[in-house]
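What follows is a short report on a single structure.
Just so it is clear, none of the values below were taken in a lab; they were calculated from the coordinates. What you see is a predicted model, and the numbers here were worked out from it, not measured in a lab. Cβ atoms come from the backbone with ideal geometry, glycine included; neighbour counts cover every protein chain shown.
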């Protein structure tokens, strides 16, 4: 299995191809590849991303079958099932890079900000569970001058939510903490731009050597 740094480089290179509309012709999608994967998998990165239809991780990073272990949920929130899924892939497959992938204009963030400013009366308890996961990371922003700049507020809220999810994975699991301390596991936060197609890795990224 490749190291977290190598995996990060591979994702950056793949996203550069995607954003430049230069998709790789070597991305494995063939019948031969499907047959190989029937016997097992070795994904080189774990992606905890948003369910938004415009942010499919395999396409955004120009990867093929068996390359990424992808967990998608509205708002890229972290609950027990998401933590367990990350633990599973990190332990079972030896994957050493975890990316929390948020994106610009995230609907879950917009919904949470709307709910905080204009609470609804009969919101579904299931939808509220998502809002309640996002709320702690963005609520404080409404007490700043950002409340007067809607676009800036959303931008900062998206990033705050990504950081909170990444931090939860780093410190909310004994399994992941041990893998980080002893086995090179790396958890980073990144934001995908719907407008440009570019992914910016901005949280927990190691310095270049």
Out of the DSSP beta bridges found with both residues in the chain, what percent are antiparallel (nearest 5)?
20
So how much slack lies between residue 38 and residue 142, counting 0.36 nm per residue of separation and subtracting their Cα-Cα distance, in nm?
32.5 nm
On C-alpha positions alone, give me the angle between the axis of helix 125-138 and the longest principal axis of the chain, in degrees, nearest 10.
90
Top mean-square fluctuation among 127, 11, 153, Gaussian network model of the chain, C-alpha springs under 10 Å?
127
Tilt, helix 150-171 to longest principal axis of the chain (alpha-carbon atoms), in degrees rounded to tens, equals 50
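Using the beta-carbon distance between residue 129 and residue 91 and R0 = 22 Å, what value does 1/(1 + (r/R0)^6) give for FRET efficiency, to the nearest 0.05?
0.25
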Cut-off 12 Å, label 7 Å out along Cα→Cβ of residue 155, residues of region 178-208 by amide N:
none
Degrees between helix 80-93 axis and first principal axis of the chain (Cα, 0 to 90, nearest 10)
20
Give the Cα extents of region 4-203 along the principal axes, in whole Å, largest first.
53, 40, 30
Provide the descending list of Cα extents for region 24-142 along its principal axes, expressed in whole angstroms.
53, 30, 25
